[in-house]
Amino acid sequence: MSKTITKKGTAAKEAAHPLNISAVILLIAYGYITVLTPNLYTLDSNGPKFLSLSLLNIITFAFLFTRKEVKSTPVIFSSFFSNGIGLAYTFLMIFSLLSFLNAFNKPEALLHFAKLFTTFSATYLVTVLFLLEKRSILYLSVAMTLLLAFDSVTVYSEIGKYIDGKIKDIGEIKTIYSNKNILSASLFVKLAFSLWLFITGHKWMKYLGGITSFLAMIAVFFLSTRAFYLGLILLSLILILFFAWRYLLDRKMSGLKTLGLYLVMLLLSFLIFSFVQVNLYPKKKNQQSLSVAARLSTITEKSGGGRYDGWVRSWHVFQEHPLLGVGVGNWKIATLKEENLKKGDFTYQYKAHNDFIETAAEAGIFAVICLALIFVLTAWKFLQLLMKNAPPATLDIFLLPTIGLLGYFMDASFNFPQDRPEIQALFALFTGMAIAVTTRTQGMPGKISPEEKQEERLSLTVPFIRNFLKSLYEDHNSSEKRAMFVHRGITWLFLILLLGSSYLMYLNFRSLRLQRIIKQEINKGVLTSPADLFLKEFPGIPNLNVVGEPIAAQKARYLIHEKRYDEAISLLKNDHSSPYDTRPEYFLAMAYYEKGMTDSAIYYSQKVYEMKPRHFKNISVLANAMLGTGKQKEAEAILDKYMVQSRKEKDACLYASSFYDKTGSLDKAVKIMDSAVVWFPKDTTIARQKSFIQRRLVLSTSKPVLDAAVGAYFSQKYAEAIPLLSQLLVKYPSFPDAREYRAFSYFFLKDYTRSIEDINALLAQGIKRPNLFNLLGVNYYNLGKKEEACTHFKTARDLGDKDGNENYIRFCQTVK
């Protein structure tokens, strides 16, 4: 492969056109700013990071529009819109704007569009910076490679902590990023910079690129992210085909040597990861212990973020609104209609884990086609250059944005980088770079290559649009005033949009700081902040929190806590931010229930039930309210249906058994608890409730027999008690009280074997009281089985039984 920029060539170009240092610094700032921006006490760091990116856009705009060389070549600003990739991106923004027509929540759509515009404007400004100084590609690549090396080394440090037990799970590793997934994505997408230096660089740049690529690949393996395991496989296949084709065309071995070194680095990184995983990782059965192949096999399962289910719901939403979608930012709202039917809590999937699918659902078929065209046109141009045997220098310069957008494509296919500013900044750099190098500059200052042929080979310019835009500035038949008006008008419009999006990012930042306070207090289980703090300080936008919960519901939670029920009711009734989110109705039911307005509580609780039939807390509120108004049969029918659908829930089993006890349906209560002790065999609360319900059933049907049996037992008439207890056990074999009385009766009658049988039956039911183990030990001791006796005495002692402790000391101290 040829060297893209040689020392001689660089020196000659810099002599003719001095390097635009300001452009280089701004481009590097785009790569670093979102990484270096701290969380600033927000619930989600994407708030301050998007804000910092939008502010950088304003700074860059001010820099560009005050430069003399920029003012002298106004066509530089229109080149973005005459380029095929830039045009596709522009139409993506137009269709995103049109999706407002179908949006459930207009403020949420506005906020999301502001994020989209922040990235779009960053891409536009980056394109202009690259057009001003194409040599900055090299300097940017070195700077981003150094950042990649730093990120990789910090991952190793965190892996060391995991090995030492200081970190419980690899999912906790995030270094200076928001979470592990963003760290993994950042590593993989930035890998393009180091690989480009490795493939096209010279001397120290090649070494820097190679070493950093090796470090980054090891880090990607350590972070155990399935999307980027797939990404490494796809990247490797593409590089193999690329170098193989180049060899067939030029028969030069240099490319194959580079490929061989890459494959060796990939293999070594995999072997290092595998060795550390097998020999040094803590011995736990979790996802960190799975092989690469095993991890890849779970990519669509629930452990993979429930991707498949989300994609299916997205398809259903898309079918209903195929042209304009349901509004940008409204995916999490529209999919709730279906997700509610299966979810028993308020933990929802608020991202589709695929930006292409989410874009199709939110903005329609034309929007996703435009998004796909950004990648398709980039790949098509690269393949065209490759197949037509373009000069190595031409191919090399386009290799970087191609690999970079491939990395982003992998992230966008399994995650949601559209809402991650760290990755959006990289997208802006690679897309802006792709647009800049495929734009015909025709003599602009600072070009990396003056040859017209190279520009023609790389060009993705749409001629008639370019000519039209150029005429707005240079048409000699038109007045100079019109040209000035168009130029200034577009400039001011762009500035207004930049300022507007930055203001929305600021409002989002303020909201996220308050959302963090609420999240922390909910996690602690104690609401300590006053409701007025949130009533006064929350801005009007956004009206949903970061995971899609209505802000009104969060405020209402505090109002209800302070018993300000009327204010909560008024607030919630005026909220229409998410039509399928049942939290407002749930809190309305709670407020009315606390006010003693049972009919109103039932009304709103039933609305929740209709949309979200598996929400246990609402079921309990609804059933209690119905029971209090004499609607026993209706309440019992709702609970019956719920228990069939969601049986294996501890709280539901406890509640249902108590509810059925109140309504006199003890047979149902017994069945529930019989199943519960199987599902939760070690739970003492379940065991006690089962015993209580069983006693209630026996008392309701066989009280005389039970009273006679217990009376005989306490009168020490054990021979009389046993037949009565046996009679009860024939009818109620799982009644623990009867079996325990009978076990002690057999013991007092010296029938140790039968006593042991009854105790073992109790233990099998999950009833493991200390006194039973002591009695078991005494039985075995009397049968001459001292070792078994001592085992059970020790268990009784460990469980706190005094008799067990005394028996262990008395009979087992000399037993070896």
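The values are calculated or read from the model by the stated rules, or taken from the named source; none is laboratory data. All figures in this text were calculated on a predicted structure; none of them were measured in a lab. Because the Cβ atoms are built from the backbone with ideal geometry, glycine has one as well, and the counts that use them run over all protein chains shown. Ligands, DNA and RNA are stripped out before the accessible areas are found, and what is left, the full protein with its side chains, is counted by its heavy atoms. Shrake-Rupley method; radii C 1.70, N 1.55, O 1.52, S 1.80 Å.
Which pairs turn up if I take residues in region 751-762 that are within 10 Å of ASN779 (Cβ to Cβ) and open to solvent by less than 40 Å² (accessible area, probe 1.4 Å) and look for partners that are outside any helix (DSSP H, G or I) and of a type in the set (D, E, K, R) with beta carbon separation below 7 Å, at least 6 apart in sequence or on another chain?
Going by the 7 Å Cβ cut-off, there are no qualifying pairs.
Report every pair of residues separated by at least 6 positions or lying on different chains whose Cβ atoms are under 8 Å apart, first residue within region 204-225 and within 13 Å of SER152 (Cα to Cα), second hydroxyl-bearing (Ser, Thr, Tyr) and open to solvent by 10 Å² or more (accessible area, probe 1.4 Å).
ILE218/TYR156; ALA219/TYR156; PHE222/TYR156
Listed residues THR359, THR378, THR335; which is under 10 Å from GLY310 (Cα atoms), modelled with pLDDT of 90 or more and open to solvent by less than 30 Å² (accessible area, probe 1.4 Å)?
THR335
Hey, can you tell me all the residues within region 200-240 that are open to solvent by 50 Å² or more (accessible area, probe 1.4 Å) and either more than 34 Å from the chain's Cα centre (by Cα) or at pLDDT below 85 (or both)?
Listed by number, the residues that qualify are LYS203, TRP204, LYS206, TYR207.
How many residues does region 150-199 hold that are β-branched (Val, Ile, Thr) and not in a helix (DSSP H, G or I)?
Residues in region 150-199 being β-branched (Val, Ile, Thr) and not in a helix (DSSP H, G or I): 4 in total.
Output the number of residues of region 635-655 satisfying the condition of being more than 18 Å from LYS612 (Cβ to Cβ) and assigned to a helix (DSSP H, G or I).
4
Take THR60 and tell me if it is out of contact with any strand residue (DSSP E or B) (no Cβ under 6 Å at 6 or more places or on another chain) and open to solvent by less than 40 Å² (accessible area, probe 1.4 Å).
yes
Can you name the condition, by its number, that PHE509 falls short on among (1) at positive phi; (2) open to solvent by less than 70 Å² (accessible area, probe 1.4 Å)?
With respect to (1) at positive phi; (2) open to solvent by less than 70 Å² (accessible area, probe 1.4 Å), PHE509 is out only on (1).
Which numbered condition trips up VAL621, out of (1) under 18 Å from GLN554 (Cβ atoms); (2) part of a helix (DSSP H, G or I)?
If we test VAL621 against (1) under 18 Å from GLN554 (Cβ atoms); (2) part of a helix (DSSP H, G or I), just (1) comes out false.
Against the condition open to solvent by 60 Å² or more (accessible area, probe 1.4 Å) and in contact with a Lys or Arg (Cβ under 9 Å, 6 or more places away or on another chain), how does LEU799 come out, does it pass?
Numbers: open to solvent by 60 Å² or more (accessible area, probe 1.4 Å): yes; in contact with a Lys or Arg (Cβ under 9 Å, 6 or more places away or on another chain): yes.
Spelling it out, LEU799 is indeed open to solvent by 60 Å² or more (accessible area, probe 1.4 Å) and in contact with a Lys or Arg (Cβ under 9 Å, 6 or more places away or on another chain).
Every residue, every condition in (1) open to solvent by 80 Å² or more (accessible area, probe 1.4 Å); (2) assigned to a loop (DSSP other than H, G, I, E, B); (3) charged (D, E, K, R); (4) at pLDDT below 95, yes or no:
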site: GLY260; (1), (2), (3), (4): no, no, no, yes
site: SER274; (1), (2), (3), (4): no, no, no, yes
site: VAL278; (1), (2), (3), (4): yes, no, no, yes
site: ALA293; (1), (2), (3), (4): no, no, no, yes
site: ILE299; (1), (2), (3), (4): no, yes, no, yes
site: SER303; (1), (2), (3), (4): no, no, no, yes
site: GLY310; (1), (2), (3), (4): no, no, no, yes
site: ARG313; (1), (2), (3), (4): no, no, yes, yes
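What are the pairs, 6+ residues apart or on separate chains, where a residue within region 20-35 that is within 17 Å of PHE150 (Cβ to Cβ) has its Cβ under 7 Å from a residue that is of a type in the set (Ser, Thr, Tyr)?
ILE33/SER52; THR34/SER52
Please tell me if THR394 is closer than 28 Å to LEU248 by Cβ and at pLDDT below 80.
yes
Just give me the residues in region 536-570 being free of Cβ contacts under 8 Å to residues at least 24 places away in the same chain and closer than 30 Å to LYS351 by Cβ, in sequence order.
Selection gives ALA568 alone.
Looking at region 520-567 only, could you name the residues that are of a type in the set (Lys, Arg) and either part of a helix (DSSP H, G or I) or within 21 Å of the chain's Cα centre (by Cα) (or both)?
LYS524, LYS536, LYS555, ARG557
Search region 409-426 for residues being out of contact with any Lys or Arg (no Cβ under 9 Å at 6 or more places or on another chain) and open to solvent by less than 10 Å² (accessible area, probe 1.4 Å), and hand back the single one that is farthest from ASN39 (Cα to Cα).
ALA412
Could you tell me which residue of region 640-674 is modelled with the lowest pLDDT, considering only residues that are among the hydroxyl-bearing types (Ser, Thr, Tyr) and either open to solvent by less than 40 Å² (accessible area, probe 1.4 Å) or within 33 Å of the chain's Cα centre (by Cα) (or both)?
Ranking the candidates gives SER646 first.
I'd like the full set of residues that are in contact (Cβ under 8 Å) with a residue 60 or more places away in the chain and within 15 Å of ILE619 (Cα to Cα), limited to region 642-696.
SER646, GLU649
Here is a check on your reading of the model: is THR119 touching a Gly at 6+ places or on another chain (Cβ under 6 Å), open to solvent by less than 10 Å² (accessible area, probe 1.4 Å) and touching a residue at least 60 places away in the same chain (Cβ under 8 Å)?
In short, no.
From the list VAL677, VAL698, which one is at pLDDT below 85, part of a helix (DSSP H, G or I) and touching a Leu at 6+ places or on another chain (Cβ under 8 Å)? Give the derivation first.
Working: VAL677 fails: touching a Leu at 6+ places or on another chain (Cβ under 8 Å).
From the options VAL677, VAL698, the qualifying one is VAL698.
Just to check your reading of the model, which residue among PRO539, PRO550 is open to solvent by 10 Å² or more (accessible area, probe 1.4 Å) and not small (Gly, Ala, Ser)? Give the steps one after another, and end with the answer.
Values: PRO550 fails: open to solvent by 10 Å² or more (accessible area, probe 1.4 Å).
Within the list PRO539, PRO550, the selection yields PRO539.
Every residue in region 722-750 that is without any contact (Cβ under 8 Å) to a residue 40 or more places away in the chain, open to solvent by less than 70 Å² (accessible area, probe 1.4 Å) and of a type in the set (D, E, K, R), please.
ARG739, GLU740, ARG742
Which of the residues that make up region 572-604 are assigned to a helix (DSSP H, G or I), closer than 27 Å to ASN330 by Cα and over 30 Å from the mean Cα position of the chain (by Cα)?
Residues of region 572-604 that are assigned to a helix (DSSP H, G or I), as a first pass: 572-573, 583-595, 598-604.
Narrowing the set further to residues that are closer than 27 Å to ASN330 by Cα leaves 572-573, 583-589, 604.
Across region 572-604, the qualifying residues are LYS573, ALA589, TYR604.
Taking into account only those residues within region 523-532 that are open to solvent by 60 Å² or more (accessible area, probe 1.4 Å) and in contact with a helix residue (DSSP H, G or I) (Cβ under 8 Å, 6 or more places away or on another chain), which is farthest from LEU559 (Cα to Cα)?
THR528
Considering only region 358-367, state which residues are outside any loop (DSSP other than H, G, I, E, B) and over 16 Å from the mean Cα position of the chain (by Cα). If you could, list the steps in order and put the result at the bottom.
Going through region 358-367, the residues outside any loop (DSSP other than H, G, I, E, B) turn out to be 358-363, 365-367.
Passing the criteria: THR359, ALA360, ALA361, GLU362, ALA363, ILE365, PHE366, ALA367.
Can you tell me which residue within region 604-639, out of those that are acidic (Asp, Glu) and over 21 Å from PHE346 (Cβ atoms), is surrounded by the fewest Cβ atoms within 10 Å (Cβ to Cβ)?
The qualifying residue surrounded by the fewest Cβ atoms within 10 Å (Cβ to Cβ) is GLU634.
Give the residue that is modelled with the highest pLDDT, with candidates limited to residues of region 63-77 that are assigned to a helix (DSSP H, G or I) and open to solvent by 10 Å² or more (accessible area, probe 1.4 Å).
It comes out as PHE63.
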